[in-house]
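Structure, as C-alpha cells:
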Amino acid sequence: YAVSPWMDDPWTYGSYANWKVGANPEDFYETMNEPQRDMHDRSVIFLGGSAACLEHWESLMGAYYAGEMKALEAVAYLTGDKYDVYDHVCNA
C-alpha cells in the first residue's frame, strides 16, 4: 500500500485541524459554508473539508461529501446560479 509523506510535508508537518474542547460545530457552520472573498474582493474561495459537513463532521465521509457539495456550489456560482448547501446530504 502507499504511504503518504504527510509528516514530512513542509506545508503541514503532520498537522490537522480540530474543534476546541467544548466547541459546537454548529456555531461555525454558517461561516464555513459562506463563500469567502479575497482581500481585494476579486476572488471567491469555497471552504471545504469535514468541518463544512454538519451531518458527518470530523470524518472521511464528511470530507468527501463536503468536497462534492463545494464543487456543486462552485459550479453554480460560475454559472450564475445559487446552490443551497442545506439541500445536500451533508445537511440531511
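The values are calculated or read from the model by the stated rules, or taken from the named source; none is laboratory data. Note that the structure is a prediction, hence the values are computed from the model and not measured. Neighbour counts run over all protein chains shown; Cβ positions are idealised from the backbone, glycine included. Quick note on the areas: whole protein, heavy atoms, side chains included, nothing else; ligands and nucleic acids left out. Shrake-Rupley method; radii C 1.70, N 1.55, O 1.52, S 1.80 Å.
Summary table
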item: Residue match in the stretch 76-86 (condition: open to solvent by 50 Å² or more (accessible area, probe 1.4 Å), farther than 23 Å from ASP27 by Cβ and outside any loop (DSSP other than H, G, I, E, B)); result: yes
item: Output for the stretch 23-51, where each listed residue is aliphatic (A, V, I, L, M) and either open to solvent by 70 Å² or more (accessible area, probe 1.4 Å) or more than 17 Å from ASN91 (Cα to Cα) (or both); result: ALA23, MET39, VAL44, ILE45
item: Restricting the stretch 52-71 to residues that are among the hydrophobic types (A, V, I, L, M, F, W, C) and open to solvent by 80 Å² or more (accessible area, probe 1.4 Å), the residue that is modelled with the lowest pLDDT; result: TRP57
item: Matching residues, the stretch 77-92, being in contact with a helix residue (DSSP H, G or I) (Cβ under 7 Å, 6 or more places away or on another chain) and of a type in the set (Phe, Trp, Tyr); result: TYR83
